[in-house]
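The values are calculated or read from the model by the stated rules, or taken from the named source; none is laboratory data. All values derive from a computational prediction rather than experimental measurement. Methodologically, a virtual Cβ is constructed for each residue, glycine included, from the backbone with ideal geometry; neighbour enumeration extends over all protein chains shown. Heads up: the accessible areas ignore ligands, DNA and RNA and are worked out on the full protein's heavy atoms, side chains in. Shrake-Rupley method; radii C 1.70, N 1.55, O 1.52, S 1.80 Å.
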Amino acid sequence: MRIEIISTGDEIVTGLVVDTNAAWLSALLLEQGWQVRRRVTVGDNLTDLKTVLQESASRADVVLVCGGLGPTADDLTAQAAAEAFGQPLTLYPEWLATIAARYASRGRPMAQSNAKQAWLPQECEILDNPVGTACGFVVHSGQSQLFFTPGVPFEFKQMVREQILPRLKQLAGAQTDTELRRFYSFAISESALSDMLDAAPWPTGIELGYRSSMPLIELKLIGHGASAADMDDAEARLLAAIQPWLVGRGDEEPARQILALLGERPLTLLEGESRGALLALCHEYPRLEASFRGNVASELAQLEAKREGLSLTIGWEGTEGVPLLLCADGQQIGQTLKASHPDPESRRKILAFAALDMLSRHLQGLPVLGDYLTLARTAQRGR
């Protein structure tokens, strides 16, 4: 099933608004087994909108169109769809009544401009919007189905989840042309990973993708019609290469995966140089005690921690780098790291995840101090 996405609006074309809707939708569809083949952004120009709609409909089985369904003069998507596919704008009285009822329930009269949102392409199917005044709609053109949605993110996402996804699943049946498997690495560069993984070709129908998401690199095995056996073989090859730097796999964030290893054990955090970045990774954990201090030591030998339970401490930067200490029921293991990164926020995230990686390794029975390729270890304490 070939899928394309069209995002509309001058505010997106000009960069005044970041198009998070299209990114979210592409990722959601990939999780369902469908990879988007093309994404297009077009401004609020009637001629351009009609051209883009017709081009996508000529190629794709499904076109998802976001934005331009509001009540103002620059909201042109419904008109563009009507003219592009020869379905004149027609008043849908049931939706007009819905809009009026929404306003009445709030004790307000409906503005005349909102009536525009009930004028839709003549043969379209309405998609309900329970949280806004802009309904979505579906237009058929040849083999293509075009789904039109409002651009307001929470309205858009609810409509996609509740109304469009079920239709796509029914349309696709058992057909999924894409399988996605995710893996996360830490303290190794993207170029080093490429040197390890890209020298030999992957099996037919399988490709490896990379995404930098500070402080991690996500690796994606993407199978296009590949067999389960080929995907398993590709995964085994990938894991054999990246195991020393692997910090998570699957759809859940690696930090959550690590914290799940705690069970219900309490965890104490003390931060200096990371300035709350470690707490940001762990804040959802219910049995957490965290503090920030200006007088935490900058030397590993002087770093102190609780003698009981589990704790992570990140000191202030000293001449040798930043000290990190894991205390696990009286056992203390630490290291001093130099994290060279020009962006202070990214540097704090690196230090925070390095501490969390120490905890993860301890809980899995692995050596607590990892083999970091992008971080220099200048001192260590314990093993």
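What are the residues in the range 231-272 that are within 14 Å of PRO215 (Cβ to Cβ) and in contact with a Phe, Trp or Tyr (Cβ under 8 Å, 6 or more places away or on another chain), if any?
Across the range 231-272, the qualifying residues are TRP245, VAL247, GLY248, PRO254, ALA255.
Condition first: in a helix (DSSP H, G or I) and open to solvent by 40 Å² or more (accessible area, probe 1.4 Å). Now tell me which residues in the range 87-97 satisfy that.
PRO93, GLU94, LEU96, ALA97
Does SER144 count as of a type in the set (Gly, Ala, Ser), closer than 17 Å to ILE5 by Cβ, within 34 Å of the chain's Cα centre (by Cα) and open to solvent by 10 Å² or more (accessible area, probe 1.4 Å)?
No.
How many residues does the range 5-26 hold that are open to solvent by less than 40 Å² (accessible area, probe 1.4 Å) and at negative phi?
Summing the residues that are open to solvent by less than 40 Å² (accessible area, probe 1.4 Å) and at negative phi in the range 5-26 gives 10.
Looking at the range 360-373, which of the residues that are surrounded by fewer than 16 Cβ atoms within 10 Å (Cβ to Cβ) and in contact (Cβ under 8 Å) with a residue 60 or more places away in the chain is farthest from ARG275 (Cα to Cα)?
GLN364
If a residue has to be under 14 Å from LEU303 (Cβ atoms) and not in a helix (DSSP H, G or I) to count, how many in the range 343-377 make the cut?
Matching residues across the range 343-377 total 0.
Before we move on, is SER311 part of a strand (DSSP E or B), open to solvent by less than 20 Å² (accessible area, probe 1.4 Å) and over 17 Å from ARG377 (Cα atoms)?
yes
Any chance you could count how many residues in the range 328-342 are assigned to a loop (DSSP other than H, G, I, E, B) and at pLDDT 95 or above?
The number of residues fulfilling the criteria is 0.
Test ILE217 against the criterion of being under 12 Å from TYR184 (Cβ atoms), surrounded by 14 or more Cβ atoms within 10 Å (Cβ to Cβ) and touching a residue at least 40 places away in the same chain (Cβ under 8 Å), and give yes or no.
So ILE217 does not fit the description; no.
Here is a yes/no grid of residues against (1) loosely packed, with under 14 Cβ neighbours inside 10 Å; (2) β-branched (Val, Ile, Thr); (3) touching a Leu at 6+ places or on another chain (Cβ under 6 Å); (4) in contact (Cβ under 8 Å) with a residue 12 or more places away in the chain:
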residue	(1), (2), (3), (4)
ALA240	yes, no, no, no
VAL247	no, yes, no, yes
LEU262	no, no, no, yes
LEU278	no, no, yes, yes
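So which of ASP343, ASP357 is within 23 Å of the chain's Cα centre (by Cα), surrounded by 21 or more Cβ atoms within 10 Å (Cβ to Cβ) and closer than 20 Å to ALA277 by Cα?
Of ASP343, ASP357, the one residue that is within 23 Å of the chain's Cα centre (by Cα), surrounded by 21 or more Cβ atoms within 10 Å (Cβ to Cβ) and closer than 20 Å to ALA277 by Cα is ASP357.
Looking at the range 157-167 only, could you name the residues that are buried (at least 16 other Cβ atoms within 10 Å of the Cβ) and either among the β-branched types (Val, Ile, Thr) or closer than 14 Å to VAL138 by Cα (or both)?
Matches in the range 157-167: MET159, VAL160, GLN163, ILE164.
Go through GLY132, GLY107, GLY151 for me and flag whichever is modelled with pLDDT under 95 and either in a strand (DSSP E or B) or surrounded by 18 or more Cβ atoms within 10 Å (Cβ to Cβ) (or both).
GLY132
Sort out for me the helices (runs of 4 or more DSSP H) sitting completely within the range 226-308 that have 2 or more residues that are farther than 21 Å from ARG361 by Cα and touching a helix residue (DSSP H, G or I) at 6+ places or on another chain (Cβ under 6 Å).
none
For the range 314-327, give me the residue count where each residue is open to solvent by 10 Å² or more (accessible area, probe 1.4 Å) and part of a loop (DSSP other than H, G, I, E, B).
The number of residues fulfilling the criteria is 4.
What is the residue count in the range 159-191 for residues that are part of a strand (DSSP E or B), farther than 20 Å from ILE222 by Cα and among the polar types (S, T, N, Q)?
Result for the range 159-191: 0.
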